[in-house]
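> Quick one: the structure is below, and I'll ask about it shortly.
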Amino acid sequence: MKVSPATRRHILVGLVSGLLVALLLWLGVLQRPEDFLYDLLLLARPAPSSGDVVIVGIDQKSLDALGRFPWPRNTHARLVEQLHRMGAQIIALDLILSEPSPEDEELARAMEAAGNVYLAVVRERRGEETAYLEPAVPLAGAAAGLGHTHLALSSDGVVRSVPVTVGPYPSLSLLLARAVRPVDPTDIPVGPGQQMLINFAPPDSIPLYSYV
């Protein structure tokens, strides 16, 4: 069958377009198809915020009032005391607190009084070795639990998943969920490499309060 010049052009454009898309996907410029479909699914069925979770953010207003970060740990102690007085069921400090500080005992006492403060562990690569930066000893001892805060970046720079565990530490978010109610492991949506898929909430759906 004879192919017309117009048909040949269409075929050529299709082949070039397909090769270009494949190249961009390989280079990570475009989303992988499964990431694109996952985003579409969550846009079509956004997860509403329960209203039970709030974020206390280290924002510019707080930096202007309290000075450059990091702040003394007695500042964090006052925050923990305030949140405890306000009836927070669970408090998570997503901060690196691995270096000892003169104010550690004050923060540890505030954490012990609250009894519900969870702290973050950070994974750090040191050449061929992996180190886990736990909070300073008094703080780790006063914490209700320790969880990792490692995030898994997709090729397009978006975080869609979190490792269920990193080394001996569970995900901090999973640790907090289990502190509220039992979590059946079979109910956790896990992808390749034991990555826990994130059910995105719409932007600004979780209330955000200034630290100060």
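We did not get these values from a lab; they are worked out from the coordinates using the rules stated. Everything numeric here is computed off the predicted structure, so don't read it as measured data. Cβ atoms come from the backbone with ideal geometry, glycine included; neighbour counts cover every protein chain shown.
> Counting only other residues whose beta carbon sits under 11 Å from that of PRO135, what net charge do I get with K and R as +1, D and E as -1?
So the surrounding residues net to -2.
> Give me D for the stretch 108-212 in µm² s⁻¹, whole number, from Stokes-Einstein with Rh from the Kirkwood sum over alpha-carbon pairs, 25 °C and 0.890 mPa s.
Answer, rounded: 157 µm²/s.
> Could I ask something else about it? Among 138-146, 77-85, what's the highest-first ranking by average C-beta atoms within 10 angstrom per residue? Don't skip to the answer; put the middle values down first.
Values: 138-146: 18.8, 77-85: 16.1.
The packing order, highest mean first, is 138-146, 77-85.
> Within the set of other residues whose C-beta is less than 13 Å from the C-beta of ALA108, count the net charge using Lys and Arg as +1 and Asp and Glu as -1.
Values: positive: ARG73, ARG109; negative: GLU81, GLU103, ASP104, GLU105, GLU106, GLU112.
It works out to a net charge of -4.
> A follow-up question, please. What is the spin-label model distance, in nm, from SER154 to GLU128 if the labels are put 7 Å beyond Cα along the C-beta direction?
3.5 nm
> How long is the gain from ALA140 to ARG85 if the chain were fully straight, where each residue apart is worth 0.36 nm and the alpha carbon distance is subtracted?
That pair, ALA140 and ARG85, stretches by 17.6 nm at full extension.
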